[in-house]
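The values are calculated or read from the model by the stated rules, or taken from the named source; none is laboratory data. Note that the coordinates shown come from a computational prediction; the quantities given were computed from them, not determined experimentally. Cβ: placed from backbone, ideal geometry, glycine included. Neighbour counts: every protein chain shown.
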Amino acid sequence: MNPQGWTVMLVSVSLVLALAGYCLYRVLRLPPVEMKDIKGPLEINTGDIADKD
Amino acid sequence: MGLDFLNCLAFGRVANVANQPNQGGEQWATRIGVILAVAGSAVGLGNFLRFPGQAAQNGGGAFLLPYFISLLVLGIPLCWAEWTMGRYGGLKGFNSAPGIYSILWPHRAAKYFGVFALLIPLIIYMYYVLIESWCLGYALAYLTGDLMKGSDATAYSAFFGDYVGASKNGILLDSNHRWQLTILAATFVFNFVLIYRGVSKGIEMFCRVAMPVMVVLAMIVLVRVLTLGTPDPAKPEQSVLGGLGFMWNPNFEKLTSPQTWLAASGQIFFSLSVGFGIIINYASYLKREDDVVLSGLTSSSLNEFFEVCLGGLITLPAAFIFLGSAAGEQGTFGLGFVSLPNVFAMMPGGRLFGFLWFFMLFIAAITSSVSMLQPVIAFLEEGFDLKRHVSAALLGLLSAMGCGFVLYFSKGSVALDMFDFWVGSVMIFLLALVQSVVYGWIFGIERGEREAHIGAHIRIPRFVQYMLKYVVPVYLLVIFGGFFWNDVLSHNELQATLDPRFAAHLDQEHPSEELLAALAEKQIDLSPEATLESLARNGEWIAVQVVEGREIRLATFRNTKDGLGVYPHKAGYVEKILQNPVALASVMFIGLITVFLMLLVRIAGRRWESQGRLRYAGS
């Protein structure tokens, strides 16, 4: 393995690892998609407010 | 209307209406799930076997320069385009390519281009599932110890030849090959179990487990390979560093060869699964607010991780350490199923590592093959309102027919090779070209950019849109032109020049021993049984051989000013079809499936039109 081979290998592997690591870091840091769809009790319009009496 | 009503009664479901989001249909459960599913679809045998071979034959480390350029110019932009178009089509109520294309390009002809996106995954599945079963069979053979055959290289070649039925058509159906058939049936059924469970509970659930398992298994084998040292002190050059050097030492002279650039572009193109009709189908199950830009980039980068960081560090270095430079001359199957078993047999702990390696390949293949079924299942369900068990049964029947065809015509893997070339290579180029034109010129890059950035967590640089419109189609055409010239057409290229005195040897009926020895010195194999013929043109001869009643040209000899030029004959795929009845039958089979799918697309299109789901421009 000559110095050029070392350079190409290290640069290639590092580039790919950096890109994959960055992307996974960004993806895994995002809030789960499902959480957006969950409604709290106050957000649920039951339709019975106007007829409370 | 009446038909819809009956369908609703019969199947308990309501058809999607155009411009209505596909909220009632299947969807991915998690963000990471869809990313792993798309990455799993892309990661396959090509990452571990094809990539290292291509790199070694095209300049080693120097190959990585055109490779990364192709990734940036061709691979990632096309991935983004497919993700964007797929989600857009899904939100308009379609999951299959014929429907999605009709939405992107409101024209009656659009749906027929979608036939490519059904045909490609379906035909590839027909032979890919067979290769997948080889991986499982090899993994099990390590458990039983059947593949520990010592250092005799011919034993592995014989094992592979017997396993795939290379000697005779129909041999895999005899009683001696029941084990292979059982494994194939199990693999086939496993794929359909996953697809039957659906996008979220089947494909996504499996990929979320399979992808991390693959990383772990590959890492274990990687550590084993990198700690092998110098197994044979008598051959100090065959060490770990020697193996890495064999793969990564750059030969920059190769960068001046168009073949290197062609190979690098082709590798990126096939590796990322662009133009397969799979990404567009997978992306159609996304919700409107789901990201496609970061997800597309992440799945592409994961594929690169498997290819460069694992495939590039394991396969060829391991093969070189035990087999020397001969390892780089093997094709994909030769490297994977002949050389590597030989390597594992000589490696300390080889039985365990051989099992882990082939089991990892099997998982990689499953994540790919299951993705090939989904586009057709989606089409059958939304085109004809079929329930899952009916669509799965129909697809099972269709794919089993094709798989049986490849299984029966096993001699020389001719049928497999034909399916792989005409569909797994040529049609993929065409579909990618269609998709880039649809995105850049019909859907439009302004709308494409707007759509891509809905819900996006990162931005696509503006110039990528212009690349998609102007550069990618031209780039694809250039690659396709080079590919067509190289592989479809036959060639007689000068490989060596002999002393002019050998011209006298060509006037005999068969080549003399002296001529054969001179050719062997130049690494040209010519059969002693070849017949030599002098052509009417002065100073030109050909060597031919009759195989199974057909005359096959082997080489041309021509007097040149430097001596006697030797031009070995490389048969292109058109010539192969004309020469071999099995090759011709394979192409006819592909044609038959194409016509059948076109018919189905026509019927489905009429149903969609009558339901008001498709509206064409001007109608």
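The table below lists the values:
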read-out	value
Check on B:Thr298, touching a helix residue (DSSP H, G or I) at 6+ places or on another chain (Cβ under 9 Å) and either on the phi > 0 side of the Ramachandran plot or within 14 Å of chain A (Cβ to nearest Cβ) (or both)	yes
Test: residue in region A:19-39 that is more than 7 Å from chain B (Cβ to nearest Cβ), surrounded by 10 or more Cβ atoms within 10 Å (Cβ to Cβ), modelled with pLDDT of 95 or more and closer than 16 Å to B:Ala62 by Cβ	no
Of the criteria (1) part of a helix (DSSP H, G or I); (2) surrounded by fewer than 23 Cβ atoms within 10 Å (Cβ to Cβ); (3) within 14 Å of another protein chain (Cβ to nearest Cβ), which one B:Pro236 fails	(1)
Out of B:Phe333, B:Phe344, B:Phe358, B:Phe379, sole residue that is surrounded by fewer than 24 Cβ atoms within 10 Å (Cβ to Cβ) and away from chain A (no Cβ under 14 Å)	B:Phe333
Residue match in region B:570-582 (condition: small (Gly, Ala, Ser) and in a strand (DSSP E or B))	no
Failed condition for B:Arg178, given (1) surrounded by 19 or more Cβ atoms within 10 Å (Cβ to Cβ); (2) free of Cβ contacts under 8 Å to residues at least 12 places away in the same chain; (3) among the basic types (Lys, Arg)	(1)
Criterion (under 20 Å from A:Val13 (Cα atoms) and either out of contact with any strand residue (DSSP E or B) (no Cβ under 7 Å at 6 or more places or on another chain) or hydrophobic (A, V, I, L, M, F, W, C) (or both)) met by exactly one of B:Phe51, B:Phe94	B:Phe51
Filter result for B:Phe94 (modelled with pLDDT of 85 or more, away from chain A (no Cβ under 12 Å) and assigned to a loop (DSSP other than H, G, I, E, B))	yes
Restricting region B:330-346 to residues that are out of contact with any helix residue (DSSP H, G or I) (no Cβ under 6 Å at 6 or more places or on another chain) and touching a residue at least 60 places away in the same chain (Cβ under 8 Å), the residue that is farthest from B:Phe68 (Cα to Cα)	B:Ala345
Scope region B:497-513; condition part of a helix (DSSP H, G or I) and either under 7 Å from B:Leu532 (Cβ atoms) or outside the structural domain of B:Leu535 (by TED's automatic domain parsing) (or both); matching residues	B:Leu506
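A quick yes/no check of all residues on (1) touching a strand residue (DSSP E or B) at 6+ places or on another chain (Cβ under 9 Å); (2) under 27 Å from B:Ser425 (Cβ atoms):
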| position | (1), (2) |
| --- | --- |
| B:Val464 | no, yes |
| B:Met467 | no, yes |
| B:Phe484 | no, yes |
| B:Asn492 | yes, yes |
| B:Leu532 | yes, no |
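Here's the yes/no breakdown for (1) over 16 Å from the mean Cα position of the chain (by Cα); (2) buried (at least 19 other Cβ atoms within 10 Å of the Cβ); (3) not assigned by TED's automatic domain parsing to the domain that holds B:Arg197:
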residue	(1), (2), (3)
B:Ala393	yes, no, no
B:Leu416	no, yes, no
B:Val423	no, yes, no
B:Gly440	yes, yes, no
